[in-house]
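Since the structure comes first, as C-alpha cells, the remarks are kept for the end.
The values are calculated or read from the model by the stated rules, or taken from the named source; none is laboratory data. Everything numeric in this text was worked out from a predicted model, so none of it was measured. Reconstructed Cβ throughout: ideal geometry from the backbone, glycine too, with neighbour counts over all protein chains shown.
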Amino acid sequence: MAAVAIPNPNLHFNHLIACYPILSTLASHVSALDLLNLALTSRANHAHILASPPIFAKLRRSCVCDGHGLRDRQDRTGLYKDYSKGYTPPGPRLPDGGEDIDSDEEIEVRVFNRTCGEALPCVKCGVNVCEECRYYPRVKECYSQSCRPHLNGAWQMANVMAMCTACDEKQEDQLKGRFLSELCDCHIFRRWICSKCVVEEHKEFRAYRRNFTAPEFNPDEDVEYKRFIGTSWIQDHQFMRYLLCPCGDKVPPGFRLRCTWCKRRHLPYEDWHDEYRQVGGDRMSWIDDDPTYPVWVTDHRRKYPSPYPPLRYNQLVHEAAQTNPEGAGV
Ligand SMILES: [Zn+2]
Ligand SMILES: [Zn+2]
Ligand SMILES: [Zn+2]
Ligand SMILES: [Zn+2]
C-alpha cells in the first residue's frame, strides 16, 4: 500500500508564504492589490512580501491584471463614463474641466466579447495591466483629438506646463538617463498605463492650469492676475494664456513647454503646427481603417455623407469581428 502523506496540522497558510517558491507561484495567480492586501494581514506576511522592495517588485511583476479597466469599459464607468448621464469624470475629453455635453456618443460595440489578457507593468505605477484594461481612448471622443497629448485641432492648451529657468534645469537633470528620447514622445494610444494613473495625470494638469495659468486679462483692472505680469504666454484656443512655473516664478521668454505626463520638453512651440500635420491630425488609425465603423465625417466640401454609410456586416458585430477581423465584406 502506498504511503499517504499526512498533512502537518501545524503548517499554517502563513508558513507557506514564508516559502519563496510557493509565494511566487501564489503571486502569479493574484492581482498586485491582492498581494499587497495579503502582505498587510500579518507582521510575518509583511516581512516576507513587502519588507524587501526588490522582492516585492519581482513578485508584483508576475501578478495578473485585476480586470478593472475592462469592467469600466463594459459598464461605462470611470474614465469610460457615459457623458450623457450628466457626469464629468477626470478624463481626457474635457481637459479644462468644463461641463459635459448632452449628445450622442460613440460606444464600443465589441467590448463584451473581451477578456483580460497577458499583463505588462503600467508605465507610471508598475502594476500589471493587460491590453484590454490599459487606458487609451477606445472610441473617437472628439474630432480634434490627436495621438500626441499636447496637440489637438482646437488648439487648446492640454497636458503641458512651463517652468522658470532654475526649475527647468533641475527637471532636466532628474530626467537624465530615464528615456531613450530626450524630447516627449508620449503617444496617447500606445502608452501602457492604468486608468488610476491616468486620473492622477489629469488631476495634475488641471491643478497646474487652475493655479499657475491665467487667461487674457487687463493688468490695470485684474488685481487677481497681477502675479502674471511679465511672464510668458501661449495661445489657448482663440486666446492668450499666461503661464507661471509650478514654483510660482515667472516663465522667461524663449521657454520650452514640457509634457505634464513624462515631464520631458516638447519641440519649440513654433514647430507644433508642423508636428500636428506630421502626426496626422485627428486620425485614429484603428478606428478610421476599420470598415465595420464607417467614419461619419465631412468631406473636403464640409459635407457629411448622406445617407449614413452602410455598415460592412450583416450579423452581430462581435461575430463579424471573430469571423473576419478585417470586417470587410462580412
Ligand atoms: Zn485586464
Ligand atoms: Zn498605473
Ligand atoms: Zn520654478
Ligand atoms: Zn510626454
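Descriptive notes on the structure:
- Residue check for I101: over 14 Å from the mean Cα position of the chain (by Cα), over 30 Å from S24 (Cα atoms), at pLDDT 75 or above and part of a loop (DSSP other than H, G, I, E, B): no
- Which listed residue, of A214, A207, is surrounded by fewer than 18 Cβ atoms within 10 Å (Cβ to Cβ) and modelled with pLDDT of 90 or more: A207
- When Q278 is tested against the conditions (1) farther than 20 Å from L183 by Cα; (2) modelled with pLDDT under 95, the lone failure is (1).
- Looking at I188, I234, just one residue is crowded, with 16+ Cβ neighbours inside 10 Å, within 18 Å of the chain's Cα centre (by Cα), under 23 Å from R265 (Cβ atoms) and hydrophobic (A, V, I, L, M, F, W, C), and that residue is I188.
- Helices (runs of 4 or more DSSP H) fully within region 18-87 that include at least 3 residues being within 22 Å of the chain's Cα centre (by Cα) and under 30 Å from N113 (Cα atoms): 68-75.
- Where a residue in region 163-188 is among the hydroxyl-bearing types (S, T, Y) and its partner, wherever it lies, is away from ligand 2 (no atom under 16 Å from the Cβ), with Cβ under 6 Å and at least six apart: T165/P252
- Residues of region 126-164 that are aliphatic (A, V, I, L, M) and not in a loop (DSSP other than H, G, I, E, B): V129, V160, M161.
- So C167, is it of a type in the set (A, V, I, L, M, F, W, C), at pLDDT below 95 and either more than 15 Å from I193 (Cα to Cα) or in a loop (DSSP other than H, G, I, E, B) (or both): no
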